[in-house]
Amino acid sequence: MYHKTIPYRVFTVFNNALLTVIAILCLLPMFHLLMVSLSSSAAANGGLVTFWPKGFTFEAYAKTFENARFLQSLWVSIERTVLGTALGMLVNSIAAYALSKETRVFRARNVYLWYFVVTMLFSGGLIPSYILILKLNLIDNLLALILPGTVAVYNIILMLNFFRTVPKELEEAAFIDGAGHLRSFFSVYLPVSLPSLATVALFTMVGHWNAYFDGLIYMKDAAKLPLASFMQTLIVQADMTSFDAAAIANMSQRTMRASQIFIGALPILIIYPFLQRYFVKGIVIGAVKE
Amino acid sequence: MEANTSKRLKFTERRRAEKGRGYKQPWSLHLMVLPAALLVLVFSYVPMAGIIMAFQDYKARLGFIHSPFVGLKHFQYMFSNDYFMKITLNTLIFACSKIVLNLIVPFAFALLLNEVRNMGLKRSIQTLVYLPHFLSWVTLSGILIDVLGQTGIVNQFLSNVFGIQPIFFLGDGTWFRLTIVASDVWKEFGFNTIVFLAALSGINPALYEAAEVDGASRWKQTASITIPSLLPMLIVVATLAMGNVLNANFDQVFNLYSPMIYQQGDIIDTFVYREGLLSGQFSFATAVGLFKSVISLVLIVFSYRLAYRFAGYRIF
């Protein structure tokens with residue numbers, strides 16, 4: 001009824017317009033910078049670029065990709081993302097399976113759960129963690145970027161809640177056929193909960209790709225910096241020493257920075273549609289408990 | 001004799017069957033938790049033991065065993081330090097403004113989004129506003145530093161349209177505070193609407209149908225059905241946010257601040273980083289970090305208890 005009244009129609013028009021404007025405003029800064037990155041350095045430095053490239057060129061991107069240090073850190077990031085996600089998913093999903101069993105089946109379940117949850121509530125903090133990595137001799141080692149964050153308790157809890165929604169009958173059928181818990185996990189639970197696990201995997205990947213701080217403090221050797229940390233030193237600390245002078249001379253730092261920002265964010269933008277399709281569902285499934 | 005054997009056979013059979021059903025082999029379940037448990041032991045519990053250095057004058061060459069104990073020296077110094085009071089205040093200002101705005105803005109946005117009937121438009125808006133959540137603060141700071149710079153597009157716009165002198169968004173203390181809070185809302189408000197949209201979709205449509213029959217206007221329906229139905233979720237989210245009162249977001253501040261505005265922009269976490277890793281004051285920095293962790297722990301436990309008591313909320 002109410003949709004047909006005139007005040008509501010007026011409201012709808014205004015509301016739609018308002019929300020559209022807000023949504024566009026959200027992305028406008030990124031769009032502007034993308035245009036800067038595609039413009040000639042003269043136009044960018046003169047502040048002539050608004051929402052359309054002036055003197056369209058890919059030069060800034062080409063220069064960035066010619067930089068050996070940039071490519072090195074790109075590779076480090078790919079390595080840490082792939083290895084970190086694979087290891088994290090394996091360790092966390094197996095643990096989540098065991099913890100999804102009821103106390104009747106797995107008596108130590110609650111003890112383990114609290115053992116994990118405590119680390120969510122309290123941590124040793126920055127300095128002790130740093131000294132630990134130092135003592136373990138993991139400075140400049142890729143493992144320093146992977147191992148400390150492997151166990152993500154929040155993800156374990158999410159997956160544990162997915163596993164609880166798997167019908168018991170499937171598992172019982174597997175047990176009758178002689179499967180053990182490991183087998184039941186890999187052959188029954190894993191295939192059944194693949195879409196939900198994909199969500200968690202995507203989030204883990206985004207986390208690894210975006211992580212910059214661990215690289216900043218644990219990687220003393222600049223050649224081992226992951227891309228996010230490299231970007232942080234370049235863009236935020238504005239330290240351009242790792243680019244050779246000749247490369248910067250005929251380029252404006254502004255277009256270079258803009259192009260690096262987009263290259264750094266590109267993988268996230270590519271997987272974003274997949275993320276979006278899954279995450280609402282994933283979060284809702286994880287949040288619903290019987 | 002025969003009866004006995006068959007009885008024993010039956011017994012072993014039953015045991016085997018039970019084993020087969022997975023009820024008698026928790027060792028394999030222990031094995032499955034083991035890798036995660038070990039990693040947590042090394043990378044979470046060992047650093048917790050390292051907190052002992054907050055009560056020592058830790059020297060790398062002496063180690064944890066031989067470094068001298070100094071009791072509460074670092075804590076006394078911390079509380080008598082004016083600068084520490086300042087950064088605690090900064091942290092509280094940032095965190096509390098973010099908590100409040102990150103509740104109100106997503107709540108209002110979810111209500112307005114709920115009125116968009118055109119599904120295509122609704123989806124497009126959602127896609128756009130969720131995106132900043134997934135970009136890192138390194139990326140977003142890079143964008144903000146350019147856009148908000150003295151010659152950036154925002155200042156260009158302000159001077160061309162309103163004739164305002166360039167504003168130092170990141171170089172002036174007051175503007176810096178505003179920028180921090182506003183940019184955090186920009187990044188997170190879209191994503192934070194998700195919980196409210198989920199709660200909205202859970203409202204029983206029969207309530208609205210009944211209201212229609214009674215001739216209630218949409219505003220009346222919103223005020224009497226929608227908002228009361230969302231209230232429990234709002235209360236849970238607000239309660240849980242209490243745990244973040246000392247969490248001003250290290251990544252954001254670290255990537256946007258500069259020595260110029262430390263007085264109004266420095267927070268506990270960035271201070272711990274500079275004191276500890278850049279100046280090498282390991283023990284003092286650990287003490288400051290511990291102060292923050294303990295208060296946060298108390299707040300989190302308290303807020304979860306409240307949320308459980310009043311809304312039956314639990315995480316597992």
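What follows draws every value from the coordinates through simple rules; no lab data is involved. Note that the structure is predicted; figures quoted are calculated from it, not measured. Ideal geometry is used to build each Cβ from the backbone, glycine not excepted, and the neighbour counts take in all protein chains shown.
Which of B:C96, A:C26 has the fewest other C-beta atoms within 10 Å, and how do the rest follow up to the most? Present the calculation step by step, with values, prior to reporting the outcome.
Values: B:C96 16, A:C26 19.
Arranged by neighbour count, lowest to highest, B:C96, A:C26 become B:C96, A:C26.
May I ask which residue of A:F203, A:S37, A:L225 lies farthest towards the positive end of the charge dipole of chain A, with charges of +1 (Lys, Arg) and -1 (Asp, Glu) on Cβ and the Cα centre as origin?
It is A:F203, whose Cα lies furthest towards the positive end.
Hey, could you pull the Cα Rg and Dmax for chain A, both in Å?
In Å, with Rg to one decimal and Dmax whole: 24.4, 74.
What are the DSSP H helices in chain B that stretch 15 Å or more along their long axis, judged by alpha-carbon atoms, and whose average Kyte-Doolittle hydropathy comes to at least 1.6?
Counting only whole DSSP H runs, the qualifying helices are B:26-40, B:227-241.
Filter chain A for me: DSSP H helices, axial length by Cα at least 30 angstrom, mean Kyte-Doolittle hydropathy not below -1.0. List them by residue number.
Working: long enough: A:6-37 (46 Å, 1.68); A:68-99 (45 Å, 0.99); A:253-287 (46 Å, 0.87).
Taking the DSSP H segments of chain A (at least 30 Å long, mean hydropathy at least -1.0), we get A:6-37, A:68-99, A:253-287.
Shielding by partners for A:91-98, please: the mean number of other protein chain Cβ atoms within 10 Å of each residue's Cβ.
Numbers: counts 9, 3, 2, 7, 9, 3, 3, 9.
Mean number of neighbouring Cβ atoms from other chains: 6.
From the residues B:G265, A:I94, A:V151, which one has its Cα farthest along the dipole of the protein assembly as shown in the positive direction, the dipole being from +1 and -1 charges on Cβ of Lys/Arg and Asp/Glu about the Cα centre?
My answer, from the dipole projection, is A:I94.
At q = 0.08, 0.12, 0.13 Å⁻¹, what base-10 log of I(q)/I(0) does the Debye formula yield for the protein assembly as shown when every alpha carbon is treated as an equal point scatterer in vacuo?
-0.68, -1.42, -1.58
Report, in debye and to the nearest 20, how large the dipole of region A:82-216 comes out about its Cα centre when Lys and Arg carry +1 and Asp and Glu carry -1 on their Cβ.
Numbers: 8 positive and 7 negative charges, 64 e Å.
It works out to roughly 300 debye.
To the nearest 0.05, how large is the calculated FRET efficiency for A:D221 and B:F162 if R₀ is 56 Å and r is the Cβ-Cβ distance?
On the way: r = 49 Å, r/R0 = 0.88.
Here the calculated transfer efficiency is 0.70.
Please state the charge dipole magnitude for the protein assembly as shown, taken about the Cα centre, from unit charges on C-beta atoms (+1 on K and R, -1 on D and E), reported in debye and rounded to the nearest 20. Spell out each step's value before the answer.
Details: 47 positive and 31 negative charges, 359 e Å.
Roughly 1720 debye, rounded to the nearest 20.
Mind scanning A:K224/B:K59; B:K122/B:K292; A:K101/A:K224 and naming the pairs with a C-alpha gap bigger than 32 Å? All intermediate terms of the calculation are to be shown ahead of the outcome.
Working: A:K224/B:K59 28 Å; B:K122/B:K292 41 Å; A:K101/A:K224 41 Å.
Beyond 32 Å: B:K122/B:K292; A:K101/A:K224.
Show the residues, 5+ positions off or on another chain, whose built amide H is closer than 5 Å to the amide H of B:Q56.
B:V70
Once the convex hull of the C-alpha atoms of region B:26-126 is built, how many Å³ does it hold per residue, rounded to a whole number? Display every interim value, and only then the final one.
Details: hull volume 25.7 nm³, N = 101.
It comes to 255 Å³ per residue, whole-number rounded.
What is the Å³ per residue value for the convex hull set by the Cα atoms of region B:78-311? Show your work: numbers first, answer last.
Numbers: hull volume 37.0 nm³, N = 234.
Dividing the Cα hull volume of region B:78-311 by its residues yields 158 Å³.
Quick check: the distance between the Cα centres of region A:58-124 and region A:154-213, to the nearest angstrom?
The distance from the Cα centre of region A:58-124 to that of region A:154-213 comes to 15 Å.
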